Every structure is written in C-alpha cells, then in structure tokens.
Amino acid sequence: MEKKGRIIKSISGFYDVLDDESHELVRTRARGNFRKRGIKPIVGDFVEYDATGDLGYLLEILPRENSLVRPPIANIDQAIVVTSSVEPNFSSNLLDKILVNIEHNDIQPLIYLTKTDLLDENKYQELKKIMAGYHQAGYIVFDDEDSYGQEQIDRLESTFANKVTVFTGQSGAGKSTLLNHINPELGLATAAISQTLNRGKHTTRQVSLFEIADGLVADTPGFSSLELINIDKEELPTLFPEFVEYSSECQFRGCNHVNEPGCKVKEMLAEGKIMQSRYDNYLYFLNEINSYKKRY
Ligand SMILES: Nc1nc2c(ncn2[C@@H]2O[C@H](COP(=O)(O)OP(=O)(O)OP(=O)(O)O)[C@@H](O)[C@H]2O)c(=O)[nH]1
Ligand SMILES: [Mg+2]
Ligand SMILES: [Zn+2]
C-alpha cells in the first residue's frame, strides 16, 4: 500500500521514514530504479513508499524545495550556525562563508555563539560588538554570556515549531553540545578539540533528524573548511542582506559595489553602517570565485 512520509535518518542503504499519518518510524530501502535515474534519497526528503512487508520500499522522492550537499539534507527551513568564540577561534571569514552558502540555498540562518565562558570580559565585549554588527545586518543572533543559559535555549527552541532546522558549523564548535543542552536525552557524542591543531575531531558522523519543540532538528557533521559551491559573482552581492538593502540606491543597476561610482553600499561602508569585515570578506569571496573559474 502506498504511503507518504519523510526520511529522518539514513544509515548504510536504509532509510527510516516518519509516516505522515501514523507518525510511526518505518525502515525502508531504495529500489534500484532510483540509482538508474541518478537519484539518491537524502534525509529530509518527502517520499512515497510501500510498506506491506517488514521492510518498506521507497517508490518516489517528491520534488525538493532546497538541499544541501554538506551535510546531505533536503527541504530545510532554517540553519543554526553554531560559532565558537575560541577553540576553534572565531573567524569572520568562515562565518560569512557559511552564511553566504546558506543564503544561496534560500535557508534562514541564525547565529549561535558558543564557548564565551573561555573569554575574558574584554574579549567577550569585543565579540559582542561584532555580533551586534551581524544583528544590524539582519541576522538573528544568540550571544549571551552564558552560552547555554536556559533563557537563551528557550528562545532558540521557540524558533523550531513547524520547521526543519539544521545545526551547522565548524567541527568542534559545539553543535552536539548545544543539542544535548536542549534535550539531555539525546545523549549525542561530543569530544574535546585537538589542542595542537585547534580543530575539532569530526565527532558527529551522520545526519539525523530529531523531533524537538514541534519541529524537526538535525545535528550534522562539522567541517574544517568550506568552498563557495555554485555561486557566481553576479549572485554573490545578493547573498549579503545588508548590501541588498542599499543596492537599489546604487547609481548603476547590477552594481558590484567594487569600483562603480555612486555606490550606496560603499557609502554606507564609509559611514560605518556596513561592517568593514563583511565588505572585506565579500571582496575576498569575489576573488575566490574568479580563481575557481580559472581552475575549471
Ligand atoms: N568551555 C566550553 N566548552 C564547550 C562549549 N561548547 C562545547 N564545548 C566543548 O567543545 C568540544 C566540542 O563540542 P562538540 O559538541 O563535540 O562539537 P561539534 O560542533 O558537535 O563537533 P563535530 O561533531 O565534530 O562537528 C566538546 O569538548 C565540548 O564539551 C562551551 O560553551 N564552553
Ligand atoms: Mg557533533
Ligand atoms: Zn553598489
């Protein structure tokens, strides 16, 4: 009998489907015809499946609204960008790159700062100023001095209802730790970062979705570095929300905000309304995109 549901876990060729109606978890396999058609089911996919025997079979993957490659997950509404203040050290370049990739996929990013307990008061205030810049740029920011204080956790959880939320960010940033604070029963594995490399140990190995606060939430494997995937130089300025806010007032339509006269974005930069670090990273990414072009 044909049923509908959503893949919430994928392990070595099996897909666990949460049934739309019964709300039960059904283990399924993909039929060979998926491979022939070049389709690989991923977590988050809405599917039609057949569940007559012990093991169900996926029949159809419904069209995806969006999908990420790293981690492989589909139909995502928002991403919590877990960002450590130290260990690994805060990098505005990496944060902006993550944000750009998320914006490119039409997913709403939220910034969550961790490990503030490892900062002295001056360093925390410095970072707090930077976070205020992100807030002004249009992002929702969680940057309390107590990274896992109940009030902030509650505020984060209140954004989950009726959405799929992914936790993303650098390995070792604290994604699994944050999820364990949200629900201690998850008991997700966490591990201290390598002190010699100042890098996480890639503790989380697979994507799975949990039902939390009336939504679905995914822990994902962290990364050490990131590329700008499928983003061209015309799209890049549209992935900085604060540039978009002013670009209609640039003298030239399609202004790249680099050398054009009458550029409102550069004017706002000069006035301190746009963060210098964001603009610098924008130029840096433009360069990077140009160098990809030469390589391929
Ligand atoms: N002092 C301190 N340590 C933290 C904080 N958050 C996380 N940690 C520690 O940082 C280390 C890495 O945390 P994880 O939760 O494993 O990081 P992750 O982002 O899930 O890493 P991957 O699974 O590798 O992507 C663990 O030892 C945590 O205990 C924090 O706010 N303060
Ligand atoms: Mg983890
Ligand atoms: Zn401009």
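The values are calculated or read from the model by the stated rules, or taken from the named source; none is laboratory data. Keep in mind that what you see is a predicted model, and the values were worked out from it rather than measured. Here the Cβ positions follow ideal geometry from the backbone for every residue, glycine too, while neighbour counts run over all protein chains shown. Keep in mind that these areas ignore ligands, DNA and RNA; they rest on the heavy atoms of the full protein, side chains included. Shrake-Rupley method; radii C 1.70, N 1.55, O 1.52, S 1.80 Å.
As for region 159-167, it holds at least one residue that is among the aliphatic types (A, V, I, L, M) and closer than 18 Å to LEU94 by Cα. State which residue is nearest to ILE140 (Cα to Cα) when the search covers only region 65-79 and only residues that are in contact with a Phe, Trp or Tyr (Cβ under 8 Å, 6 or more places away or on another chain) and not small (Gly, Ala, Ser). If we take residues in region 65-79 being in contact with a Phe, Trp or Tyr (Cβ under 8 Å, 6 or more places away or on another chain) and not small (Gly, Ala, Ser), then ASN75 is nearest to ILE140 (Cα to Cα). Inspection of region 30-40 finds a residue satisfying the criterion of being more than 28 Å from PRO241 (Cα to Cα), buried (at least 17 other Cβ atoms within 10 Å of the Cβ) and not polar (S, T, N, Q). A single entry from LYS175, LYS201 fulfils the requirement of being buried (at least 18 other Cβ atoms within 10 Å of the Cβ), among the basic types (Lys, Arg) and within 14 Å of ligand 1 (Cβ to nearest atom): LYS175.
Remark: THR203 matches the filter, which requires a residue to be touching a residue at least 24 places away in the same chain (Cβ under 8 Å) and more than 16 Å from ligand 3 (Cβ to nearest atom).
Scanning region 142-161 for residues that are open to solvent by less than 20 Å² (accessible area, probe 1.4 Å) and of a type in the set (A, V, I, L, M) returns ILE153, LEU156. Checking each residue in region 228-279 for being in a loop (DSSP other than H, G, I, E, B), among the polar types (S, T, N, Q) and open to solvent by less than 70 Å² (accessible area, probe 1.4 Å) picks out only ASN256.
Residue-by-condition table, conditions (1) touching a Leu at 6+ places or on another chain (Cβ under 9 Å); (2) in the same structural domain as LEU197 (by TED's automatic domain parsing); (3) over 20 Å from ASN101 (Cα atoms):
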site	(1), (2), (3)
SER225	yes, no, no
VAL244	no, no, no
GLY254	no, no, yes
GLU260	no, no, yes
MET268	no, no, yes
LYS273	no, no, yes
ASP280	no, no, no
LEU283	no, no, no
ILE289	yes, no, no
